[in-house]
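Nothing in this text is a laboratory measurement; each read-out follows from the coordinates by a stated rule. Remember, predicted model here, so these are calculated numbers, not experimental data. Here the Cβ is made from the backbone with ideal geometry for all residues, glycine too, and neighbour counts use every protein chain on show.
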Amino acid sequence: YSLMDKVYEILIQKVHDYEGIVNELTGDGIMALFGAPIALEDAPQRAIRSALAIHREINKFSDQLKSESKIPLIRMRIGIHTGPVVVGTLGNDLRVEFKAVGDTVNLASRMEGLADPGTTYVTEDTFKLTEGFFRFESLGEKQIKGKEEPIRVYQVIASSTRRTRFDVSAERGLTPFIGRERELELLLDGFERVKTGKGQAFSIVSEAGCGKSRLLYEFRKTVANQDITFLEGKCLSYSRGVAYHPVIDILKSNFDIHEGEGDQEIREKVKRGLKMMKVDEPSTLPYLLELLSVKDSGIDKISMSPEAKKDRIIEAIKRIVLRGSEIRSLVMAFEDLHWLDKSSEDVLRSHLESIPGARILLIFTYRPEFVHTWGAKSYHNQLTLHRLSNRESIEMATHILGTKEIEKALEELILEKTEGVPFFIEEFIKSLRGLKIIERKDNTYRLLKEVQHLTIPSTIQDVIMTRVDSLLEGAKEVLQIGSVIEREFSYPLINRVTGLPEQQLLSHLSILKDSELLYERGIYPRSNYIFKHALTREVVYDSILAKRKKKLHEEIGKAIEELYRDNLSEHYEVLAEHYFLGENYSKAAEYSRFVSRKAEKTASLDDAITYTNRRVTSLERLPRTDELGKQIIDARTALGLYMTQLDYHVEAKEAVDPIIHLAIANNYKRRLSQIYTILGTYYSFVEENYQEAFKTLEEALKISEEVKDIVSSVLASFWLGCAFGFNCEFEKSTSP
């Protein structure tokens, strides 16, 4: 059983690594789905990468067993087919099971039955969708039970290291700005109202790749020569749990703070800025310094509740924003709100309430799935960017190609494959050029080959990966490492992680800039590099094998520690993320604790909960020791206390339930008092079982007094008083 447990663990983990779903456990294997019930545009690729990872891990596990015992080699047989399935749930109120049925499931099972041990067999449908991403060997046609016609079968050999190369010297610069002129005019009209003291807010909404960032770029370029302040904050894919992330971007931009600057330099810049704006320093400076991760910010010396502290942070930010708008018109842009953290959302809501009479223009960009509450404001406008019409799509294509006409067959191909998404149009045409299947004759572009004989990527992911795989190996590796860092990365960090000689790294970065995969911002050696499109970064990241990705995340974490050892607190969130994804759970737990404490100090309890959850997960994935058990008690108790403060009493109880017996066994009285406080509060507010609540809270108070822990005693006393009050025992509620 232990042997099969380990095999199942490998199978399930490698499926999950590629966002697949384990649909069924069989006697000696599994059935997994990629792209159902949640669609994945590159599902066939993920399935094959998962299969290769399973073979690697099973081989490694088998070799280990062979060296330790006489157990014969373990090898897996994997079959893959791509097609439609019917999915749903089967069962009754007591038991529900997720099921997928249909010919696709049956044919995948037949492929597994054909495969030799240690191999993966795929059907022609899967082969066509993944050709170029992997190396295959054609096994010819096989007669399959239940099929009248034979099925062509392929064996997966390995991931591909070479693909058709693109022409990296294709047209440079931005593609034409087409189809968004009306939206730009609306933004400019709104800005004219702002200059007269009528604050405005605009939301730019669209699916990925439809030009949100491009519209913002064109607006900024148009107003660049006017007397304004333009500040920009970006939400990152991991920033939902990072308190005030885009707001900190805004602060750094406002006070001209750069990466690597020390605490004293940051402090002086903020003080100079506040003095120039004539903003009261005592009521503002400590809160801004705390957000900027400056040591000894002074916020600890201010006695107040967490809620009051958070309110003052928001007021401090609002104060400098309003004062800044009195000096000159202010534009603040917040990009990608679909990754917005809770604390920043509170700040944005505050800004929205205060802008009607100010010279402030707020611009938000986000995908349709982001939900907010400010849509009803009379001064808020939503600009929804739809896909381009066929006419606009062809106009964009002719501009990119530098011609006036496109042959009808090529027009139809472009419209079919890109569906009016500007990013898709841009990348697809670059792919056609790189594949050398179009040519210019006279003043018209036409296809060189019949469409039915071409292997053209069917999704934008295919287009991106074809371009990436056409790069020189060194440039491709730099791009992959950059994608693991984030959408934007600095030269010092990429230099430290790659370990490449300076000129070699600069050469690779130059190729990536020339191929228009990256932009450069700033001046070397303090330059930053940004993926031209967020989708490019995501696809490149997803293309990296899980094992290598894990290794890179850990290497990036170590590089950040070395580079920024003097101001490491600014990077706690990033370090927690990288070490968690790198499966260095010890460091992930450590940095998650630091982030939680930072969030607690700024009263961002939702963010504290997020990272304490991450800390718990990290600790519980480590080998158990007595010391680790104590850390788990600490983490789960802290999680329960945060949740109790926000009245998440059910969740708080769930957080501490697994550690009650452990805390008792270890006689960990301080935490036991706090655990009983959490449980007593649950009994009071959720179950309304006041007798159990009094008993539990009084026990918590008794233990805290035994160990002379003032914090635990105050907590127990407060919630005991609340319980008496809710039970209408007001005299006991107010008695000391």
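Details
- Three-way shape call for region 278-418 based on the alpha-carbon gyration tensor, with the a/c threshold at 1.5: prolate
- Helix-only arithmetic for the chain: the sum of -39500 (n - 2.57) across DSSP H runs with n ≥ 4, divided by the residue total, places the mean residue ellipticity at 222 nm at -17000 deg cm²/dmol.
- Calculated FRET efficiency, GLU729 to THR617, Cβ-Cβ distance, R0 = 35 Å: about 0.30 to the nearest 0.05.
- Modelled this way, with points 7 Å down the Cα-to-C-beta line, the labels at LYS145 and LYS708 are 7.7 nm from one another.
- Stretching SER303 away from ASP657 to a fully extended chain increases their span by 124.2 nm, per 0.36 nm per residue minus the current alpha-carbon distance.
- Of interest is the spacing of the C-alpha centroids, which for region 176-228 and region 486-543 amounts to 28 Å.
- FRET efficiency, 1/(1 + (r/R0)^6) with R0 45 Å, evaluated for SER569 and PHE61 via beta carbons: 0.65
- Spacing of the modelled spin labels on GLN382 and ALA409, each 7 Å from Cα toward Cβ, amounts to 4.4 nm.
- J(HN,Hα) series, region 400-414, from Karplus relation 6.51 cos²θ - 1.76 cosθ + 1.60, nearest Hz, glycine and proline x: 4, 7, x, 9, 9, 9, 10, 4, 3, 4, 6, 4, 5, 5, 4
- When only alpha carbons are used to place a centre, region 370-405 and region 305-344 end up 29 Å from one another.
- With a simple spin-label model that places each label point 7 Å from the Cα along the Cα-to-Cβ direction, the separation between LYS295 and SER2 comes to 4.8 nm.
- Segment GLN264-ALA665, length gained on full extension (0.36 nm per residue, minus Cα span): 139.6 nm
- Structure note, pairs LYS408/LYS441; LYS275/LYS309; LYS404/LYS532: Cα-Cα distances above 20 angstrom occur for LYS275/LYS309; LYS404/LYS532.
- DSSP-assigned coil residues among trypsin sites (Lys or Arg not before Pro) in region 602-664, each with at most 15 further Cβ atoms within 10 Å: ARG621, ARG624
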